[in-house]
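Student: Pasting a structure below so you can have a look.
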Amino acid sequence: MPRNQTLQLNDGNTIPQLGFGVWKVDADVAEDVVSQALEIGYRHIDTAKIYGNEEGVGRAIAASGIPREELFVTTKLWNDDQGYESTLEAFDASLERLGLDYVDLYLIHWSQPEKGMYLETWKAFQEIKASGRARSIGVSNFTPQALQDVVDTGVVPAAHQIELHPYFNQQAMRDMDAQHGIVTEAWSPLGQGKEDLQDETVKSIAQAHGATPAQVVIAWHLAIGNVVFPKSVTPERIQENWDAQDVTLSQDEVDQISALTRDDGRIGSDPADFND
(Lines give C-alpha, C1' and ligand atoms only; values in the text may rest on other atoms or scores of the structure.)
Protein backbone atom coordinates (compact mmCIF):
# COMPACT_ATOMS: atom_id res chain seq x y z
CA MET A 1 0.00 0.00 0.00
CA PRO A 2 1.39 3.44 -0.88
CA ARG A 3 1.94 5.67 2.11
CA ASN A 4 -0.50 8.51 2.74
CA GLN A 5 -3.15 6.82 0.63
CA THR A 6 -6.30 8.93 0.39
CA LEU A 7 -9.99 8.13 0.23
CA GLN A 8 -12.55 10.04 -1.79
CA LEU A 9 -15.19 11.90 0.20
CA ASN A 10 -18.73 12.33 -1.10
CA ASP A 11 -18.22 16.09 -1.54
CA GLY A 12 -15.30 15.66 -3.95
CA ASN A 13 -12.53 16.23 -1.40
CA THR A 14 -10.02 13.58 -0.36
CA ILE A 15 -8.82 12.48 3.09
CA PRO A 16 -5.60 10.69 4.06
CA GLN A 17 -6.62 7.28 5.36
CA LEU A 18 -4.00 7.12 8.12
CA GLY A 19 -3.90 10.06 10.49
CA PHE A 20 -2.58 11.06 13.88
CA GLY A 21 -4.92 11.52 16.87
CA VAL A 22 -4.31 13.70 19.92
CA TRP A 23 -7.11 12.72 22.31
CA LYS A 24 -6.02 13.15 25.97
CA VAL A 25 -2.77 14.85 24.94
CA ASP A 26 -1.91 18.10 26.76
CA ALA A 27 -1.45 21.16 24.56
CA ASP A 28 2.30 21.46 25.10
CA VAL A 29 2.81 17.74 24.53
CA ALA A 30 0.56 17.90 21.46
CA GLU A 31 2.83 20.49 19.89
CA ASP A 32 5.81 18.19 20.30
CA VAL A 33 4.21 14.94 19.17
CA VAL A 34 2.37 16.49 16.22
CA SER A 35 5.69 17.97 15.12
CA GLN A 36 7.21 14.49 15.31
CA ALA A 37 4.31 12.97 13.38
CA LEU A 38 4.54 15.57 10.63
CA GLU A 39 8.28 15.00 10.34
CA ILE A 40 7.71 11.24 9.98
CA GLY A 41 5.21 11.81 7.20
CA TYR A 42 1.72 12.04 8.68
CA ARG A 43 -0.40 14.67 6.96
CA HIS A 44 -3.74 14.14 8.72
CA ILE A 45 -4.22 15.46 12.27
CA ASP A 46 -7.41 14.84 14.28
CA THR A 47 -8.18 17.10 17.25
CA ALA A 48 -11.26 18.58 18.97
CA LYS A 49 -12.20 21.51 21.15
CA ILE A 50 -12.75 19.25 24.17
CA TYR A 51 -9.23 17.84 23.84
CA GLY A 52 -7.89 21.23 24.92
CA ASN A 53 -4.95 21.05 22.55
CA GLU A 54 -5.99 22.91 19.39
CA GLU A 55 -3.40 25.59 20.20
CA GLY A 56 -0.61 23.02 20.44
CA VAL A 57 -1.67 21.41 17.18
CA GLY A 58 -1.73 24.80 15.53
CA ARG A 59 1.73 25.69 16.76
CA ALA A 60 3.12 22.42 15.40
CA ILE A 61 1.51 23.04 12.01
CA ALA A 62 2.85 26.61 11.88
CA ALA A 63 6.37 25.48 12.77
CA SER A 64 6.40 22.57 10.32
CA GLY A 65 6.86 24.63 7.19
CA ILE A 66 4.61 22.18 5.34
CA PRO A 67 2.34 23.93 2.82
CA ARG A 68 -1.19 24.15 4.24
CA GLU A 69 -2.70 22.45 1.22
CA GLU A 70 -0.66 19.33 1.94
CA LEU A 71 -2.24 18.92 5.39
CA PHE A 72 -5.63 17.61 6.46
CA VAL A 73 -6.83 19.00 9.80
CA THR A 74 -9.98 17.86 11.62
CA THR A 75 -11.54 19.41 14.70
CA LYS A 76 -14.89 18.94 16.40
CA LEU A 77 -17.72 20.94 17.96
CA TRP A 78 -18.25 20.13 21.62
CA ASN A 79 -21.68 19.37 23.03
CA ASP A 80 -22.14 22.61 25.00
CA ASP A 81 -21.83 24.59 21.76
CA GLN A 82 -24.58 22.86 19.80
CA GLY A 83 -27.17 25.21 18.30
CA TYR A 84 -27.00 27.54 15.31
CA GLU A 85 -25.37 30.73 16.61
CA SER A 86 -23.30 28.96 19.25
CA THR A 87 -21.90 26.62 16.61
CA LEU A 88 -20.77 29.53 14.45
CA GLU A 89 -19.09 31.16 17.44
CA ALA A 90 -17.43 27.93 18.55
CA PHE A 91 -16.08 27.29 15.07
CA ASP A 92 -14.53 30.75 14.91
CA ALA A 93 -12.88 30.10 18.28
CA SER A 94 -11.48 26.75 17.10
CA LEU A 95 -10.01 28.35 13.99
CA GLU A 96 -8.40 31.03 16.13
CA ARG A 97 -6.90 28.47 18.51
CA LEU A 98 -5.57 26.46 15.57
CA GLY A 99 -4.23 29.56 13.89
CA LEU A 100 -5.75 28.45 10.58
CA ASP A 101 -7.91 30.06 7.92
CA TYR A 102 -9.84 26.83 7.40
CA VAL A 103 -10.08 23.22 8.56
CA ASP A 104 -10.42 20.29 6.22
CA LEU A 105 -13.12 18.54 8.25
CA TYR A 106 -15.43 19.79 11.01
CA LEU A 107 -17.45 17.25 12.99
CA ILE A 108 -20.36 17.39 15.44
CA HIS A 109 -18.72 15.49 18.30
CA TRP A 110 -21.84 13.70 19.67
CA SER A 111 -25.44 13.54 18.47
CA GLN A 112 -26.95 13.94 21.98
CA PRO A 113 -30.29 12.60 20.76
CA GLU A 114 -32.30 13.61 23.84
CA LYS A 115 -31.33 17.26 23.41
CA GLY A 116 -32.39 17.24 19.77
CA MET A 117 -30.08 20.07 18.70
CA TYR A 118 -28.15 18.32 15.97
CA LEU A 119 -30.30 19.44 13.03
CA GLU A 120 -30.04 23.09 14.04
CA THR A 121 -26.32 22.57 14.50
CA TRP A 122 -26.12 20.93 11.07
CA LYS A 123 -27.59 24.08 9.49
CA ALA A 124 -24.70 26.06 10.93
CA PHE A 125 -22.28 23.44 9.62
CA GLN A 126 -23.70 23.90 6.14
CA GLU A 127 -23.10 27.64 6.40
CA ILE A 128 -19.53 27.05 7.57
CA LYS A 129 -18.89 24.75 4.61
CA ALA A 130 -20.42 27.25 2.19
CA SER A 131 -18.03 29.90 3.52
CA GLY A 132 -15.06 27.68 2.63
CA ARG A 133 -13.74 27.71 6.18
CA ALA A 134 -14.48 24.00 6.55
CA ARG A 135 -13.78 22.10 3.34
CA SER A 136 -15.87 19.13 4.49
CA ILE A 137 -18.37 18.58 7.29
CA GLY A 138 -19.43 15.46 9.12
CA VAL A 139 -20.53 13.88 12.36
CA SER A 140 -19.15 11.75 15.16
CA ASN A 141 -20.82 9.32 17.55
CA PHE A 142 -24.26 9.55 15.94
CA THR A 143 -27.04 7.07 16.48
CA PRO A 144 -28.51 5.47 13.35
CA GLN A 145 -31.65 7.60 13.68
CA ALA A 146 -29.72 10.84 14.16
CA LEU A 147 -27.55 10.02 11.18
CA GLN A 148 -30.62 9.33 9.05
CA ASP A 149 -32.16 12.64 10.17
CA VAL A 150 -29.06 14.49 9.00
CA VAL A 151 -28.94 12.58 5.71
CA ASP A 152 -32.59 13.50 5.15
CA THR A 153 -31.69 17.21 5.14
CA GLY A 154 -30.17 16.58 1.72
CA VAL A 155 -26.67 17.49 2.86
CA VAL A 156 -25.01 14.17 3.60
CA PRO A 157 -22.07 14.10 6.04
CA ALA A 158 -18.72 13.43 4.42
CA ALA A 159 -17.48 11.36 7.36
CA HIS A 160 -18.75 9.64 10.50
CA GLN A 161 -16.27 9.07 13.32
CA ILE A 162 -17.15 6.25 15.73
CA GLU A 163 -15.58 3.87 18.21
CA LEU A 164 -14.29 1.02 16.09
CA HIS A 165 -11.73 -1.72 16.76
CA PRO A 166 -11.50 -5.51 16.28
CA TYR A 167 -13.61 -6.30 19.36
CA PHE A 168 -16.26 -3.79 18.22
CA ASN A 169 -16.20 -3.61 14.44
CA GLN A 170 -19.46 -1.67 13.99
CA GLN A 171 -20.45 -3.57 10.85
CA ALA A 172 -24.04 -2.29 10.89
CA MET A 173 -23.03 1.35 11.25
CA ARG A 174 -20.28 0.97 8.64
CA ASP A 175 -22.86 -0.50 6.27
CA MET A 176 -25.18 2.45 6.89
CA ASP A 177 -22.35 4.90 6.31
CA ALA A 178 -21.40 3.14 3.08
CA GLN A 179 -25.01 3.16 1.89
CA HIS A 180 -24.92 6.96 1.97
CA GLY A 181 -21.37 7.34 0.67
CA ILE A 182 -20.09 8.40 4.10
CA VAL A 183 -16.49 7.54 5.01
CA THR A 184 -16.22 5.79 8.39
CA GLU A 185 -13.49 6.97 10.76
CA ALA A 186 -12.33 4.89 13.74
CA TRP A 187 -11.55 6.28 17.16
CA SER A 188 -9.85 4.08 19.75
CA PRO A 189 -8.79 1.98 16.75
CA LEU A 190 -6.53 -0.25 18.85
CA GLY A 191 -9.02 -0.60 21.68
CA GLN A 192 -8.30 0.66 25.17
CA GLY A 193 -6.52 -1.36 27.81
CA LYS A 194 -4.75 -3.21 24.97
CA GLU A 195 -7.14 -6.19 25.11
CA ASP A 196 -7.53 -6.28 21.32
CA LEU A 197 -3.75 -6.29 20.93
CA GLN A 198 -3.39 -9.29 23.25
CA ASP A 199 -5.81 -11.39 21.21
CA GLU A 200 -4.18 -14.62 20.07
CA THR A 201 -5.50 -14.26 16.52
CA VAL A 202 -4.02 -10.78 16.21
CA LYS A 203 -0.73 -11.90 17.73
CA SER A 204 -0.50 -14.89 15.41
CA ILE A 205 -1.10 -12.77 12.31
CA ALA A 206 1.44 -10.25 13.56
CA GLN A 207 4.05 -12.96 13.99
CA ALA A 208 3.40 -14.21 10.45
CA HIS A 209 4.09 -10.74 9.07
CA GLY A 210 7.01 -9.86 11.30
CA ALA A 211 4.88 -6.97 12.55
CA THR A 212 3.50 -5.80 15.87
CA PRO A 213 -0.12 -6.45 16.90
CA ALA A 214 -0.79 -2.70 16.68
CA GLN A 215 0.49 -2.62 13.11
CA VAL A 216 -1.73 -5.54 12.18
CA VAL A 217 -4.82 -3.87 13.64
CA ILE A 218 -4.04 -0.63 11.82
CA ALA A 219 -3.53 -2.61 8.60
CA TRP A 220 -6.94 -4.24 9.20
CA HIS A 221 -8.59 -0.82 9.48
CA LEU A 222 -6.96 0.31 6.26
CA ALA A 223 -7.98 -2.90 4.49
CA ILE A 224 -11.67 -2.55 5.38
CA GLY A 225 -11.74 1.10 4.28
CA ASN A 226 -11.69 2.98 7.57
CA VAL A 227 -9.92 6.25 8.20
CA VAL A 228 -7.82 5.57 11.28
CA PHE A 229 -5.73 7.79 13.56
CA PRO A 230 -3.97 5.91 16.36
CA LYS A 231 -2.75 8.11 19.20
CA SER A 232 0.67 7.89 20.81
CA VAL A 233 3.07 10.23 22.58
CA THR A 234 5.98 7.81 22.23
CA PRO A 235 8.28 8.51 19.25
CA GLU A 236 8.87 4.81 18.59
CA ARG A 237 5.14 4.06 18.58
CA ILE A 238 4.39 7.04 16.34
CA GLN A 239 6.86 5.61 13.82
CA GLU A 240 5.59 2.05 14.35
CA ASN A 241 2.02 3.09 13.61
CA TRP A 242 3.13 4.91 10.47
CA ASP A 243 4.99 1.82 9.28
CA ALA A 244 1.77 -0.20 9.52
CA GLN A 245 1.13 0.99 5.97
CA ASP A 246 3.74 -1.55 4.87
CA VAL A 247 1.71 -4.48 6.25
CA THR A 248 -0.58 -6.11 3.69
CA LEU A 249 -3.08 -8.60 5.06
CA SER A 250 -4.72 -11.39 3.10
CA GLN A 251 -8.49 -11.41 2.83
CA ASP A 252 -8.55 -14.42 5.14
CA GLU A 253 -6.55 -12.52 7.75
CA VAL A 254 -8.87 -9.54 7.43
CA ASP A 255 -11.86 -11.83 7.90
CA GLN A 256 -10.28 -13.47 10.96
CA ILE A 257 -9.83 -10.10 12.65
CA SER A 258 -13.31 -8.95 11.67
CA ALA A 259 -14.73 -12.09 13.28
CA LEU A 260 -13.33 -11.07 16.68
CA THR A 261 -16.13 -8.53 17.24
CA ARG A 262 -18.23 -8.94 20.38
CA ASP A 263 -21.72 -7.83 21.35
CA ASP A 264 -20.25 -6.34 24.53
CA GLY A 265 -17.15 -4.95 22.84
CA ARG A 266 -17.96 -1.25 23.26
CA ILE A 267 -15.52 0.46 25.63
CA GLY A 268 -16.68 4.08 25.30
CA SER A 269 -20.03 5.75 25.75
CA ASP A 270 -23.04 4.64 23.72
CA PRO A 271 -24.19 7.60 21.54
CA ALA A 272 -27.79 6.71 22.37
CA ASP A 273 -27.15 7.38 26.06
CA PHE A 274 -24.57 10.18 25.94
CA ASN A 275 -26.55 13.40 26.38
CA ASP A 276 -24.39 15.43 28.80
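Student: Report the residues of segment 11-46 in range of a label on ALA63: point 7 Å along Cα→C-beta, backbone N strictly under 13 Å from it.
Tutor: 27-39
Student: By average Cβ neighbour count within 10 Å, what is the ranking of 98-105, 24-31 from highest down?
Tutor: 98-105, 24-31
Student: In whole Å, what is the distance between the alpha-carbon centres of segment 181-237 and segment 96-154?
Tutor: Centre-to-centre (Cα) distance: 27 Å.
Student: Related question: Which value, in debye to the nearest 20, describes the size of the charge dipole of the chain about its Cα centre when Lys and Arg Cβ atoms bear +1, Asp and Glu Cβ atoms bear -1, and nothing else is charged?
Tutor: 420 debye
Student: A further question follows. What whole-number value in Å² describes the accessible area per residue of the chain for a 1.4 Å probe?
Tutor: 41 Å²
Student: Label ASP80 and ILE40 with points 7 Å out from Cα along Cα→Cβ: what is the distance between them in nm?
Tutor: Going by the 7 Å Cα→Cβ label model, 3.3 nm.
Student: From the P(r) of segment 11-259, can you give the percent of Cα pairs sitting at distances over 30 Å?
Tutor: Result for the distance tail: 25 percent.
Student: May I ask you to order 82-89, 70-77, 12-19 by the average number of other C-beta atoms within 10 Å around their residues, highest value first?
Tutor: So the order, starting with the most tightly packed, is 70-77, 12-19, 82-89.
Student: Ignoring ligands, DNA and RNA, what percent of the 1.4 Å accessible area of segment 67-169 is carbon and sulfur?
Tutor: 47 percent
The values are calculated or read from the model by the stated rules, or taken from the named source; none is laboratory data. Not measured: the values here are computed from a predicted model. All Cβ positions, even for glycine, are placed from backbone atoms using ideal geometry, and neighbour counts span all protein chains on display. Surface accessibility is based on the protein's heavy atoms, side chains included, excluding ligands, DNA and RNA. Shrake-Rupley method; radii C 1.70, N 1.55, O 1.52, S 1.80 Å.
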